[in-house]
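Asks: Dropping a structure here in structure tokens format, bear with me for questions.
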Amino acid sequence: MKSFSSSTREIPQTGEIPRHIAIIMDGNGRWAKKRYLPRVAGHKQGVETVRRVTRACSERGVEYLTLFAFSSENWRRPAEEVSTLKQLFMAALEQEAERLHRNKVRLKIIGDIAPFGARVVELARRAQELTSANSSLTLTIAANYGGRWDLMQALAKLVRSGPLPENGFTEDQLAPYLALNYAPEPDLFIRTGGEQRISNFLLWQLAYTELYFTPTLWPDFDAGQLDAAIDWYRERERRFGRTSEQLEKAKQDSNGRRRIA
Ligand code: IPE
Ligand code: IPE
Ligand code: MG
């Protein structure tokens, strides 16, 4: 399978609109607490934000949106909250698949969802199958996902695929086994809720991603705030290891070529 180019091996093409946005949707619990509501109310409102942000990304021509819904460490939460999150995930898979399909969104689930039970696995299979041919936005939900889990499962598959090469493996050999093998690396990462950490999200793929942190709690995040993040992204100079001067020169050269053409 052809995977996307790696930011450490080639310099990716970048545009005004991030092609791939990855989000840690954080702050549901605090949103509810501020309102003297149970945490579940924050998670429910968070699902509403997922709808809103998915629509906004579609409208802006973002090609891939990856959302962290449940981390491999979130099992450490009280059983009651884990169960609520599972129910919400199940309900969303059941109720949203048709709507996503109508909007030409391709749904992908990454993470080890087996521990959520057979019903979730079946609903996830159906929703992904239904939307598999859609070519508008690719929406990925990371559920029971962890960056380390992903690397370990990919390594295990790589090792099983054949004998260990004498000179070691290359990135290109590992990449097809990573859960996000169908997407380019994220251009823009957003974390709501004020924390400035990765919390074991996409460890491999965030190598050269621009990182944006906002104190806004996830249930309050809206299209205007997405635009603010994209505006911030546009101001970044993505050097991928090069110097500013090199980038300036490349820009001038390509402008020159355009004028001649
Ligand atoms: C994010 O909100 C949702 C999940 C992790 C599932 P939190 O539930 O972490 O909300 P806070 O961080 O406690 O406010
Ligand atoms: C990260 O949020 C995971 C998801 C949003 C699914 P957490 O709330 O679990 O992260 P920590 O524990 O504050 O790092
Ligand atoms: Mg949190």
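Read-outs: derived from the displayed coordinates by stated rules, not from any lab. All values derive from a computational prediction rather than experimental measurement. Positions of Cβ are backbone-derived with ideal geometry, glycine not excepted, and every protein chain shown enters the neighbour counts.
Asks: What's the Kirkwood radius of the stretch 19-141 in Å, using all Cα pairs?
Replies: Values: mean 1/r = 0.0666 Å⁻¹.
Radius from the Kirkwood sum: 15.0 Å.
Asks: Further question: Find how many whole Å separate the alpha carbon centroid of the stretch 58-120 from the alpha carbon centroid of the stretch 185-211.
Replies: Using only Cα atoms, the two centres lie 19 Å from each other.
Asks: Quick one: putting +1 on the C-beta of Lys and Arg, -1 on the C-beta of Asp and Glu, what dipole do you get for the stretch 20-260 around its Cα centre, in Debye to the nearest 20? Let's see the in-between values first.
Replies: Details: 36 positive and 30 negative charges, 82 e Å.
The dipole magnitude comes to about 400 debye.
Asks: Also, quick follow-up: Among residues other than GLY117 whose Cβ falls under 14 Å from its Cβ, what is the net charge (Lys/Arg +1, Asp/Glu -1)? Walk me through the numbers on the way to the answer.
Replies: Numbers: positive: LYS86, ARG119, ARG125; negative: GLU94, ASP112, GLU122.
Here the count lands on 0.
Asks: If you take the alpha carbon radius of gyration of the chain and divide it by 2.2 N^0.38 Å, what ratio comes out, to two decimals? Show your work: numbers first, answer last.
Replies: Working: Rg = 19.6 Å, N = 261, 2.2 N^0.38 = 18.2 Å.
Rounded to two decimals, the normalised Rg is 1.07.
Asks: What number comes out for the charge environment of ARG39, summing +1 per Lys or Arg and -1 per Asp or Glu over other residues with Cβ under 13 Å away? List each step's numbers first, then the result.
Replies: Values: positive: ARG30, LYS33, LYS34, ARG35, LYS44, ARG77; negative: ASP26, GLU80, GLU81.
Net charge around ARG39: +3.
Asks: Which one, ILE190, ILE109, VAL47, is farthest towards the positive end of the dipole of the stretch 20-260 when Lys and Arg carry +1 and Asp and Glu -1 on their Cβ?
Replies: Farthest towards the positive end: VAL47.
Asks: Could you tell me how far the Cα centroid of the stretch 216-244 sits from the Cα centroid of the stretch 157-182, in Å?
Replies: Centre-to-centre distance over Cα atoms comes out at 32 Å.
Asks: For the stretch 175-244, report the translational diffusion coefficient in µm²/s to the nearest whole number, using Stokes-Einstein at 4 °C, 1.567 mPa s, and a Kirkwood Rh over Cα pairs.
Replies: Values: Rh = 13.7 Å.
So the translational diffusion coefficient is about 95 µm²/s.
Asks: Quick check on the stretch 20-260: of the DSSP beta bridges with both residues there, what percent are antiparallel, nearest 5%? Could the numbers behind the result be given before it?
Replies: Values: 0 of 25 bridges.
Taking every DSSP beta bridge within the stretch 20-260, about 0 percent pair in antiparallel fashion.
Asks: Still on this structure, please answer the following. Restricting to Cα pairs below 8 Å that are 6+ residues apart, what does the relative contact order work out to for the stretch 177-248? Please round to a whole percent.
Replies: On the way: 54 pairs, mean separation 22.7, N = 72.
Taking the mean separation of contacting Cα pairs over the length of the stretch 177-248, I get 32 percent.
Asks: Sticking with this one: First select every other residue whose beta carbon is under 13 angstrom from the beta carbon of ARG236; then total the charges, Lys and Arg +1, Asp and Glu -1. Don't skip to the end; give the middle numbers.
Replies: Working: positive: ARG234, ARG238, ARG239; negative: GLU16, ASP187, GLU210, ASP231, GLU235, GLU237.
Surrounding charge for ARG236 is -3.
Asks: Here's a follow-up. For the chain, what is the mean residue ellipticity at 222 nm derived from helices alone (per DSSP H run of n ≥ 4: -39500 (n - 2.57); sum divided by total residues; nearest 500 deg cm²/dmol)? Display every interim value, and only then the final one.
Replies: On the way: 8 runs with 113 residues, N = 261.
Roughly -14000 deg cm²/dmol at 222 nm, from the helical runs in the chain.
Asks: Let me ask something else about it. Suppose we take every Cα in the stretch 18-59 and form the convex hull; what volume per residue is that in Å³? Kindly include the intermediate steps, with their values, before the conclusion.
Replies: On the way: hull volume 2.7 nm³, N = 42.
So the per-residue hull volume is 65 Å³.
Asks: So which of LYS104/LYS249; LYS34/LYS86; LYS34/LYS108 end up more than 29 Å apart by C-alpha? Before the final figure, lay out each step's value.
Replies: Numbers: LYS104/LYS249 40 Å; LYS34/LYS86 23 Å; LYS34/LYS108 33 Å.
Checking Cα-Cα distances, LYS104/LYS249; LYS34/LYS108 exceed 29 Å.
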